[in-house]
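Working notes, beginning with the structure itself.
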Amino acid sequence: MEKWQTIADERHFNIARSDDVIRVVRSSQPFDTLREILEVHRALVARLDAVDRAALGLLYDLRDAQGRNDPAFESAIAPIRPRIWAEWGRISVLVRTAIGAMQIRRHLAEDGIRASVFTDDAEAAAHLQRS
């Protein structure tokens, strides 16, 4: 069993670290404004930039997030997405639905990022352990 050390526990994200994985869990709390989306994600990127991304895997858990793909949200998040995904040794993204998986795969393709998308926690974790 992974031993997780909390790095940040905030309204929208919980960030924890094990020996070789950073786990980011998006909460179910909606964003109140587009400005808040940018502020929260910039703060997330700053926290993630404080670790050696290349030496770690990223487990990005979006299962509790409220799905959103309206044009305003898509435009707001597009510039910051690549910084969230960049430079990790390996990436697993957890989603709840097939529609969520399609949206994340589209974002990853748009950003030129290689990652795997899962609906199963064990499969996502196993992907990060492969060398």
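Quick notes on this structure:
- Of the residues making up the stretch 59-87, just one is among the aliphatic types (A, V, I, L, M) and part of a strand (DSSP E or B), namely Leu59.
- Residue within the stretch 59-81 that is closer than 21 Å to Val21 by Cβ and over 13 Å from the mean Cα position of the chain (by Cα) present: no
- Just one of the numbered conditions (1) at pLDDT 95 or above; (2) surrounded by fewer than 14 Cβ atoms within 10 Å (Cβ to Cβ) is not true of Arg23: (2).
Yes or no, residue by residue, for (1) under 24 Å from Ala126 (Cα atoms); (2) out of contact with any helix residue (DSSP H, G or I) (no Cβ under 7 Å at 6 or more places or on another chain):
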residue	(1), (2)
Lys3	yes, yes
Glu10	no, yes
Asp19	yes, yes
Arg23	yes, yes
Arg53	yes, yes
Arg68	no, yes
Gly89	yes, no
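- For the criterion of being basic (Lys, Arg), exposed (fewer than 15 other Cβ atoms within 10 Å of the Cβ) and under 24 Å from Thr33 (Cβ atoms), Arg114 fails.
- Residues that are surrounded by fewer than 16 Cβ atoms within 10 Å (Cβ to Cβ) and in contact with a Ser or Thr (Cβ under 7 Å, 6 or more places away or on another chain), drawn from the stretch 59-70: Asp64, Gln66
- Restricting attention to the stretch 18-58, the residues that are closer than 16 Å to Ile84 by Cα and either in a loop (DSSP other than H, G, I, E, B) or touching a Ser or Thr at 6+ places or on another chain (Cβ under 8 Å) (or both) add up to 7.
- Per-region count, the stretch 90-103, residues more than 17 Å from Val45 (Cβ to Cβ), at pLDDT 95 or above and buried (at least 18 other Cβ atoms within 10 Å of the Cβ): 4
- Some residue of the stretch 71-89 being surrounded by fewer than 18 Cβ atoms within 10 Å (Cβ to Cβ), out of contact with any strand residue (DSSP E or B) (no Cβ under 8 Å at 6 or more places or on another chain), of a type in the set (Asp, Glu) and within 21 Å of Val117 (Cα to Cα): yes
The values are calculated or read from the model by the stated rules, or taken from the named source; none is laboratory data. Every value quoted in this text rests on a predicted model; they were computed, and no experiment measured them. Here Cβ is always computed from backbone atoms with ideal geometry, including for glycine, and neighbour counts include all displayed protein chains.
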